[in-house]
Structure formats: C-alpha cells, structure tokens
Amino acid sequence: MRNIYLIRHCEPNFPDGLKCCLGKYDLSLSEKGKIEAKKLSRYFDENRILTLISSPMARSRETADIISNGKYPIVIADELQEIDTGLWDGLPFPEIKKKYPEYYEQRGKHLSTLPFPGGESFNDVLMRTEPCLKELLEKHEGDLAIVAHACVNQGLLSKWLGLELDNAQEISQAYGSVNLIEEINGTFNVKFAGKRIEIIPTLEQCDEMLKKFNVSEQIIAHSRKVMELALEWTDQLIVKNFDLNRNLIKAASMLHDIARAEKDHSKIGADWMSSESYSLVANVVAVHHQLPLYDETHITENVIVYLADKKVQECQYVTIDERFEQSRKKCRSLVAKVKHRQSYFQAKKVEEMVEEAINNSEYGEKQ
C-alpha cells in the first residue's frame with residue numbers, strides 16, 4: 001500500500017489578473033500561487049514522499065520546484081499536461097461564451113466525448129494519462145506526489161470514484177488543492193479530494209519566526225504568558241464541547257505581537273504571517289487588537305487570543321479595567337478617547353462571554 005498525492009498546480013499569473021481558458025497556454029505562478037506552493041512544501045515536510053512528478057507546463061513545474069525545495073527529485077511526465085483547449089486557449093470565458101454559445105453549452109453536457117474546438121475531450125485526456133500513471137507507478141516506489149491540472153485530475157478521480165466522465169467537473173479542484181489516493185496492487189481508493197491545505201506552525205517554527213523577525217525577548221515573554229492563559233481557557237472550553245483549534249490558538253498567541261515594534265502592528269504581523277504561508281494564523285493576528293462584530297457574540301480562536309492579550313500586561317495578569325486605565329492615559333484627542341472607550345466596552349463584553357461559557361455548563365448549548 002502507498003499514498004499518491006494528486007495536486008492541482010497553484011494559481012497562475014493571469015495577464016492583467018483576468019482569468020482565461022488555460023490549456024497549452026503556459027503561465028508561471030502568481031505571487032499568491034507561490035504562497036500556496038509554500039504551504040504545500042510545508043505540508044510535505046510532514047507527509048514525506050519519495051518522488052515528485054510534474055506536468056511539463058510552467059505553472060506545474062514551478063509549483064513542484066517550490067514544493068521540493070531541493071528535498072525531492074522531480075520527474076517530468078509530458079502526458080500529464082493539461083487538456084488541449086484548442087481555439088479557446090488563452091481566451092477569457094465571457095468572450096468564449098459570446099463567440100461559441102451553442103458549442104459552449106453542449107460541451108458542458110458532453111465533456112467525455114465533445115472536444116474543445118481543435119482540442120481534446122476529457123476522454124482523450126484520460127486515454128493518455130492512465131497509461132502514463134501506470135508506467136510511473138511501475139518505475140517509482142513508495143509514496144509520491146503528482147502536480148498536474150484540473151482536467152487531468154478530474155478525469156482520473158472520476159475513474160477511481162466510479163463517476164460518469166461527463167460529470168467530472170463536479171469534482172472541485174481549486175488551485176493548490178490536494179487529492180489523497182491510497183493505491184494497493186493497482187486498486188485506487190480516494191481518501192479525500194480537492195482539499196485545501198492550511199498549515200499551522202509548531203512552537204519550534206514559531207520560535208524560528210520570532211528570531212527571523214528580530215522580536216525582542218520582552219515581547220516573546222509576553223507572548224508566552226498570553227499563550228499560557230489562552231490555552232488554559234481553550235482546554236476548559238473544549239471540555240464543554242466548544243469547537244476550537246488548540247494548535248491555532250497556541251501558534252497565534254505566540255505570534256500575535258510579532259510586529260509589535262511596527263506601526264499598525266496587527267496588519268503588518270498578519271502580512272508577515274501570510275508571506276510565510278500561515279494564513280490561518282494571519283487571520284487571528286489581524287484582529288487581535290480589534291475584533292470584528294461577529295466575534296463579540298461567538299467564541300472563536302480570534303476571541304481567545306484577543307482576550308488573553310488584553311488580560312496580560314507585559315508578563316503580568318491584569319484586569320480589563322487595569323489594562324485600559326493604563327492605556328487611557330495615552331489618549332490625547334477626543335477621537336482617541338472615543339475609540340479607546342469603544343475598545344474597552346468590546347473587551348468587557350467579550351470577557352463576560354468567555355467567563356460565562358467557562359462557568360456555565362449550559363452556555364455551549366445556546367451557541
């Protein structure tokens with residue numbers, strides 16, 4: 001038994017940012033696509049493979065290069081290139097619908113046999129990719145990853161899932177998504193399809209990033225204290241059946257103040273986390289200073305990190321009143337005082353919500 005990770009390449013760099021029909025039209029990755037590929041690279045740090053296989057097209061090869069980062073040999077398989085979209089290649093979809101309205105509609109109903117004008121059908125693609133995959137599996141042992149394309153993946157997955165090829169596009173294949181297939185003696189069992197990978201850093205990785213961004217020992221000590229308090233609440237709430245991601249809270253607590261030396265540190269810290277491909281952590285860091293309205297009435301990872309930060313002044317536990325009394329003295333203008341007051345009321349409201357949830361056994365049922 002072995003695992004096959006079938007991956008769709010990450011987001012390409014569309015001209016002027018406008019999506020178009022992509023077949024042989026070759027594009028490199030966008031900046032967002034490169035970040036998506038970094039996530040995949042981290043994913044395969046934990047899910048080890050022996051071989052990485054790629055379509056010859058630039059968007060796939062670049063995805064594979066970033067995933068590998070020198071760790072895995074990359075094998076190029078020409079037969080895994082995307083479906084030939086013929087006359088539609090590189091055209092924006094609104095233009096295609098306008099020029100070929102009837103053919104566009106019919107092709108959507110008969111994907112398996114009706115080819116792109118001057119191009120391939122889904123059946124044509126499957127006829128070349130299946131023998132290619134069989135040969136690759138015979139040549140390479142152990143777990144492997146394949147970076148290919150939407151239509152290539154959808155055709156293979158349809159076969160393995162026993163679906164009609166005409167319905168192949170019902171299988172979601174977002175940019176950078178992963179399909180896990182268990183292969184046993186030529187039998188393919190799809191464990192999951194179209195999964196978007198989100199990575200949460202370990203404490204060791206958090207420490208590495210804090211060093212990378214030159215965060216002071218004082219801020220790191222504060223962050224550890226915030227993490228301790230946040231995890232204490234998290235464990236109490238999980239017992240009461242609250243759906244909280246403990247690892248996310250742990251990492252976000254450690255990294256929430258990573259840009260504290262910068263102006264608008266919540267936004268900059270979130271940007272840094274996004275650039276490191278930790279988008280889930282970035283979302284929490286972005287709102288740790290001011291919560292969106294939704295979080296005022298729902299206990300989320302955002303709420304836990306936000307409140308723990310408010311209850312820790314440097315490395316000392318404080319009350320909300322003590323924390324805001326100290327910061328109030330810094331407010332000079334009327335606008336600043338009004339904003340400070342609003343922030344105070346939000347913190348008190350959230351504190352009351354969390355305390356009630358921890359102390360009231362019926363609270364979780366009301367959420």
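The values are calculated or read from the model by the stated rules, or taken from the named source; none is laboratory data. It should be emphasised that the depicted structure is a prediction, and the values quoted were computed from it without experimental measurement. A quick note on method: Cβ atoms are made from the backbone with ideal geometry, for glycine too, and the neighbour counts reach across all protein chains shown.
Here are some notes:
- Among (1) farther than 28 Å from Asp26 by Cβ; (2) not in a loop (DSSP other than H, G, I, E, B) - the single one Glu135 does not satisfy: (1)
- Residues in region 6-34 that are under 20 Å from the mean Cα position of the chain (by Cα), of a type outside the set (Gly, Ala, Ser) and in a helix (DSSP H, G or I): Glu31, Lys32, Lys34.
- In region 163-219, residue surrounded by the most Cβ atoms within 10 Å (Cβ to Cβ) [restricted to those that are polar (S, T, N, Q) and on the phi > 0 side of the Ramachandran plot]: Asn214
- Condition check for Lys339: under 30 Å from Lys240 (Cβ atoms) and either in the same structural domain as Asp243 (by TED's automatic domain parsing) or surrounded by fewer than 14 Cβ atoms within 10 Å (Cβ to Cβ) (or both): no
- Qualifying residue in region 359-366 (condition: closer than 24 Å to Leu248 by Cα, among the aromatic types (Phe, Trp, Tyr), out of contact with any Gly (no Cβ under 8 Å at 6 or more places or on another chain) and buried (at least 20 other Cβ atoms within 10 Å of the Cβ)): no
- Taken across region 40-49, residues that are in a loop (DSSP other than H, G, I, E, B), out of contact with any Leu (no Cβ under 6 Å at 6 or more places or on another chain), in the same structural domain as Leu136 (by TED's automatic domain parsing) and at pLDDT 95 or above do not occur at all.
- Which numbered condition Glu262 fails, given (1) in contact (Cβ under 8 Å) with a residue 12 or more places away in the chain; (2) assigned to a loop (DSSP other than H, G, I, E, B): (1)
- Residues of region 135-155 satisfying the condition of being closer than 18 Å to Lys191 by Cβ and touching a helix residue (DSSP H, G or I) at 6+ places or on another chain (Cβ under 6 Å): Ala148, Gln154
- The lone exception for Arg332 - which of (1) at pLDDT 80 or above; (2) in a loop (DSSP other than H, G, I, E, B) it fails: (1)
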